[in-house]
Amino acid sequence: MHTFYRGSLSWLATNTKHTQRHIFLRAHIQSLGRTSVKLSRAFPEHGIDSDMLHFDYAIYALGSHLPSPLNLWHAAPDGKPSVQSYCGSKAESIAWLRGKQRAIEDANSVLVVSGGALSIQFATDIAAVYPGKPVTLLHSRTRLLPRFDSEMHTEILQAMESANINVILSERLDLVSSTSGHSTVRTTTGRVIHADLVLLCTSQRPNTELLQSLDSRTVNTNTALTQVLRTMQLALVPPPPPPSPITPALLPACASDNEEDVLAAALAQIALQNESALSAKGGVEAEDAEEEEDEELTTPYPHIFAIGDAANAFGAIPAGHNAYYQAEVAARNVLQLVHGKTDEPLEQYTTNPPISQVDACSRSQSAVLPYLYSDVG
């Protein structure tokens with residue numbers, strides 16, 4: 001039985017040729033098939049004479065990547081990772097990080113874009129290490145970390161202001177101006193920001209190209225996230241719900257003159273449609289309907305699992321602790337399938353409330369101030 005984890009390969013070998021139960025292979029996967037992967041090289045030292053590795057079960061854990069210049073894999077202009085530029089070694093990673101440190105040190109001013117945990121960490125760390133360097137954080141929403149408790153926004157904002165970080169909320173970066181090569185950029189409202197270095201912490205892009213090539217039906221074209229069941233098994237993206245038609249007869253004759261009447265008529269029509277749908281089902285309760293829908297979910301890939309940032313994991317934020325819990329569920333389900341316990345239901349992943357730790361550094365203090373909140377309301 002061969003189980004692989006996308007990225008670096010951890011190969012669980014039960015073939016008699018192998019004396020080790022687990023084999024760690026460092027290679028790039030060039031393509032993914034239903035029961036095999038094509039590697040960048042063979043491993044004759046482990047009895048793997050071909051670059052084609054077959055598996056019984058697979059766990060896809062390739063994660064996501066940030067836009068340049070924060071993309072470790074040196075993204076091409078189209079934003080996709082380029083494995084030719086980076087081979088994944090520790091020495092390369094250290095060299096890359098040191099190069100970015102020099103870029104930050106050499107920049108006269110820095111702009112960090114986004115209001116998430118990573119951007120807050122970057123802005124506060126840079127301000128702490130280089131207290132005289134102008135640092136600006138630009139966020140398109142009204143508050144930082146909008147999925148978390150509002151107190152988190154207030155305390156972090158105070159810490160950033162005490163570190164002389166210029167925080168601009170409710171404005172978006174004009175991406176055209178950020179690629180002009182000049183030391184100034186603009187927001188979409190026309191505000192000018194001086195920045196020698198722009199760090200885009202927006203839109204982490206899931207690395208799901210291999211799954212897209214395997215079966216495009218498993219990847220959402222809008223988010224690039226791969227669809228999974230709560231068992232973390234690879235699934236097909238459900239079709240979008242059909243639009244609810246609004247009967248023209250219910251709209252007032254002078255609709256254009258009274259928008260409130262139009263809205264009221266539309267809401268009334270939707271309520272009637274929902275009521276009709278419930279009647280057609282014989283008054284089935286909503287919870288029963290959801291359970292029935294869950295029971296009908298199946299997958300053509302019960303032997304492939306997906307976890308972490310690449311998976312559309314039911315609203316779980318892309319964070320290490322969530323990937324860890326998803327990996328545990330996937331691993332236990334793989335073992336259950338390996339042992340042939342098909343009569344028992346597989347374990348299902350339960351989404352935890354959003355939680356994050358942000359270290360907001362203060363210039364006047366040598367200690368790091370941690371903030372940990374959970375959105376439990």
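The values are calculated or read from the model by the stated rules, or taken from the named source; none is laboratory data. Just so we're clear, the structure is a prediction, and the values are computed from it rather than from any experiment. Backbone-built Cβ (ideal geometry, glycine too); neighbour counts: all protein chains shown.
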Task: Yes/no for Leu173 being hydrophobic (A, V, I, L, M, F, W, C), on the phi < 0 side of the Ramachandran plot and at pLDDT 95 or above - done: no
Task: Selection count where residues are surrounded by 16 or more Cβ atoms within 10 Å (Cβ to Cβ), at pLDDT 90 or above and in a loop (DSSP other than H, G, I, E, B), scope segment 117-162 - done: 5
Open item on the list: For segment 313-341, give me the residue count where each residue is assigned to a loop (DSSP other than H, G, I, E, B) and crowded, with 19+ Cβ neighbours inside 10 Å.
Closed with: 3
- [ ] Check whether at least one residue in segment 284-305 is over 30 Å from Asn352 (Cα atoms), among the charged types (D, E, K, R) and modelled with pLDDT under 95, and report yes or no.
- [x] no
Open item on the list: Just to verify a result, which residue in segment 41-73, among those that are free of Cβ contacts under 8 Å to residues at least 24 places away in the same chain and surrounded by fewer than 17 Cβ atoms within 10 Å (Cβ to Cβ), is farthest from His339 (Cα to Cα)?
Closed with: Arg41
- [ ] Report yes if Val198 is within 23 Å of the chain's Cα centre (by Cα) and either at pLDDT 90 or above or surrounded by fewer than 16 Cβ atoms within 10 Å (Cβ to Cβ) (or both), otherwise no.
- [x] yes
